[in-house]
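Here is the structure we will look at.
Every number here is computed from the coordinates shown, using simple stated rules; none is lab data. Quantities reported herein were computed from a predicted structural model and do not represent experimental measurements. FYI the Cβ positions are ideal-geometry reconstructions off the backbone, even for glycines, and counts take in every protein chain you see.
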Amino acid sequence: MPMTLSPRNRSIVDEFQRGHYAIVKELYDEYYASLVDFGSQLINNSSEAHHIAQETFVKLFQMRDRFNKLPDIKAFLYITVRNICFAFIKSENANFPGPQVTWFEQDVKTTIRNEDGAEREKALQQMAAIVKELPQPEQTVFNSLFYERLTIPATAEQLKLTPVTVTQYRINAIRTMREKLVAANLFSVPLFIYFIAVFCGEQNS
């Protein structure tokens with residue numbers, strides 16, 4: 001017998017597919033800490049586990065129109081963290097311990113502050129300004145992937161780069177943005193995810 005969603009679960013899925021910030025925050029509250037713990041157990045690197053969890057949420061919300069059941073969302077989160085962790089284990093980076101996570105308290109305070117809509121909008125505009133400060137290759141790739149919503153192969157073809165190079169510029173752009181936000185005392189994980197995966201693409205809608 002097919003599963004029937006309760007009205008609340010149906011509402012969550014509808015809000016999820018629309019990319020509402022409130023549902024980014026709700027799913028973050030529900031799953032982020034356990035995903036980081038899961039990733040840390042696989043790769044023994046807490047800092048990278050945070051990055052992997054954030055990347056997983058970005059991927060989820062970029063693909064949000066493909067999901068219509070809450071169990072599928074949860075399964076995607078854990079399977080994606082596992083797969084990225086396995087790829088990390090095979091990489092050269094797996095031999096180097098990551099830095100300590102020093103921004104967690106900042107994330108908590110900033111996320112609470114961003115509950116206010118005006119503060120959240122201000123923070124989103126500050127993130128957009130940071131994108132414009134990225135080095136040119138990273139900025140161009142970020143704009144293609146997140147503002148124009150092109151795939152990595154399409155971006156590579158458009159910019160006459162290899163997919164591997166596009167992927168590396170993507171990684172660099174996200175890492176640089178995160179570092180700049182932390183340095184400016186503006187970093188909030190759920191808003192960072194929302195900005196990359198939802199907000200940017202809506203600017204060209």
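Summary table
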item	result
In order through the range 77-84: 3J(HN,Hα) via Karplus (6.51 cos²θ - 1.76 cosθ + 1.60), integer Hz, x for Gly, Pro	4, 6, 5, 5, 4, 4, 5, 5
Per-residue ³J(HN,Hα) for the range 174-186, Karplus 6.51 cos²θ - 1.76 cosθ + 1.60, θ = phi - 60°, Hz, x for Gly and Pro	5, 5, 5, 4, 4, 4, 5, 5, 4, 4, 8, 6, 10
The range 1-95 - percent relative contact order, Cα under 8 Å, separation 6 or more	32
Coil-residue trypsin sites (Lys or Arg not before Pro) of the range 158-192, DSSP, other Cβ within 10 Å capped at 15	LYS160
Sites excluded, GluC sites (Glu not before Pro) in DSSP loops with at most 16 other C-beta within 10 Å, longest stretch of the chain	1-114
Length released on extending from GLN168 to GLU121, taking residue separation times 0.36 nm less the Cα-Cα span	14.0 nm
FRET efficiency for LYS90 and SER34, using Cβ-Cβ distance with R0 set to 22 Å, rounded to 0.05	0.40
Residue (of VAL81, LEU124, VAL164) at the positive-pole extreme of the chain, dipole from beta-carbon charges	VAL164
³J(HN,Hα), Karplus 6.51/-1.76/1.60, whole Hz, each residue of the range 42-55, x for Gly, Pro	7, 10, 6, 8, 4, 4, 5, 5, 4, 4, 5, 5, 5, 4
Simple Cβ-charge dipole of the chain, Lys/Arg +1 and Asp/Glu -1, about Cα centre, in debye nearest 20	340
Spin-label model distance (nm) - PHE104 vs ASN204, 7 Å beyond Cα toward Cβ	3.7
